[in-house]
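Undergrad: Before I ask anything, here is the structure I am working with.
The values are calculated or read from the model by the stated rules, or taken from the named source; none is laboratory data. The model shown is predicted, which means the values in this text are computed figures rather than measured ones. Because the Cβ atoms are built from the backbone with ideal geometry, glycine has one as well, and the counts that use them run over all protein chains shown.
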Amino acid sequence: MTSPDDRYLWDRTGPADPEVEALERLLAPLAHRAGPAPSHATGDLAPGAGPGATLAAARARAWAPFAAAAALLLTAGLFARRGDDATSSRVVVTAGTGAPLATGAWVVAEGGERELALGRLGRVTLAAGSRVQVRRVADDETRLYLASGRLEARIAADARPRFFQVDTDAARCVDLGCRYVLEAGEDGASRVRVLLGQVAFEAGRREVFVPAGAECWARRGRGPGTPRFSSAPQALVEALDAFDAATADREARRAAARRAAAVADGREDLLAVWHWLDDDDDAVVRLALDTLLARAGPPSPSFVRPSGRPTAADREAFREHLELGW
């Protein structure tokens with residue numbers, strides 16, 4: 001049965017579809033026109049046709065295969081889009097082949113791994129013993145809560161950024177198009193390791209950026225610490241851990257930052273330093289600027305070292321500059 005929106009395809013009585021109109025314009029040069037058939041034996045045009053008509057006919061013959069191919073592509077795209085529209089539905093979360101899970105439902109991976117499906121947009125594999133709650137299911141945002149255990153999320157490339165999120169007791173892991181492993185311990189700490197793409201790890205006003213190959217710890221009551229690549233040298237890891245732990249001791253925190261900056265040699269090591277550009281301590285911000293300029297150089301020839309705190313544009317410029325090495 002023809003739907004009301006498809007009437008234009010059949011008898012032109014319904015509203016015109018812009019893509020169908022584009023297809024008609026594309027095929028117009030190939031349309032049948034009443035009149036005597038051309039002579040295929042001699043290739044002559046109708047009597048009285050001049051050189052301009054000859055050129056036009058030659059062009060039409062030359063472009064015919066391309067127009068036909070383009071028409072096929074456009075038609076395929078048109079009906080594929082219509083098919084998607086007809087079959088698309090709201091996001092649902094299912095455990096294996098079971099019924100959709102309602103908001104508030106718990107999933108416990110007893111006796112082995114469990115897999116959750118996020119419609120066509122992703123898969124979440126729960127390690128044995130993990131406990132997860134469904135907190136929100138919607139097209140704009142789907143969110144789980146990892147109470148304990150480990151999960152691996154694989155989110156489709158066409159999912160919108162921030163569509164999939166996982167809460168823990170220490171921070172929220174926000175997908176920016178990726179594959180990652182998230183762990184939550186009984187002590188309330190959590191860790192994310194990004195395998196592909198990137199995530200944001202956030203709690204309250206604090207948000208850190210974790211690209212592929214990097215990881216970050218978060219502690220209950222403190223939120224995310226400083227991200228670092230999993231291949232970071234041990235001296236850098238120890239200095240960053242001391243920096244994150246010294247929340248109440250400003251001098252100890254500054255000393256740990258200086259130790260970290262001293263061993264941050266490669267561009268990957270500067271992931272942690274880049275995050276200091278947004279630190280609350282101006283001394284740490286100045287150290288970060290000095291380290292970035294000395295190890296990676298200015299983000300552009302026109303960059304001028306800010307006399308005060310870097311702007312958001314300055315931070316983004318440095319991030320783009322450093323990502324070439326990440």
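Undergrad: Within region 308-325, is there a residue that is out of contact with any helix residue (DSSP H, G or I) (no Cβ under 8 Å at 6 or more places or on another chain), among the charged types (D, E, K, R) and at pLDDT 95 or above?
TA: Yes, some residue in region 308-325 is out of contact with any helix residue (DSSP H, G or I) (no Cβ under 8 Å at 6 or more places or on another chain), among the charged types (D, E, K, R) and at pLDDT 95 or above.
Undergrad: Quick one: which of 215, 186, 238, 207 is surrounded by 17 or more Cβ atoms within 10 Å (Cβ to Cβ) and either on the phi < 0 side of the Ramachandran plot or in the same structural domain as residue 319 (by TED's automatic domain parsing) (or both)?
TA: Within the list 215, 186, 238, 207, the selection yields 215.
Undergrad: In this structure, is residue 219 more than 18 Å from residue 291 (Cβ to Cβ), out of contact with any Lys or Arg (no Cβ under 6 Å at 6 or more places or on another chain), modelled with pLDDT of 95 or more and among the basic types (Lys, Arg)?
TA: Spelling it out, residue 219 is indeed more than 18 Å from residue 291 (Cβ to Cβ), out of contact with any Lys or Arg (no Cβ under 6 Å at 6 or more places or on another chain), modelled with pLDDT of 95 or more and among the basic types (Lys, Arg).
Undergrad: Between 295, 305, 267, which is closer than 22 Å to residue 244 by Cα and either of a type in the set (Lys, Arg) or not assigned by TED's automatic domain parsing to the domain that holds residue 242 (or both)?
TA: Matching residue, one of 295, 305, 267: 267.
Undergrad: Here's something else I'd like to know. So in region 285-326, with the set limited to residues that are surrounded by 14 or more Cβ atoms within 10 Å (Cβ to Cβ) and among the small types (Gly, Ala, Ser), which one is farthest from residue 261 (Cα to Cα)?
TA: Here the residue is 317.
Undergrad: Quick check, is residue 132 over 28 Å from residue 323 (Cα atoms), in a strand (DSSP E or B), of a type outside the set (Lys, Arg) and touching a Phe, Trp or Tyr at 6+ places or on another chain (Cβ under 7 Å)?
TA: yes
Undergrad: Restricting to region 192-202, give me the number of residues that are in a strand (DSSP E or B) and surrounded by fewer than 21 Cβ atoms within 10 Å (Cβ to Cβ).
TA: Qualifying residue count for the region: 6.
Undergrad: In this structure, does residue 248 turn out to be surrounded by fewer than 17 Cβ atoms within 10 Å (Cβ to Cβ) and more than 20 Å from residue 150 (Cα to Cα)?
TA: Judged against the criteria, residue 248 is a match.
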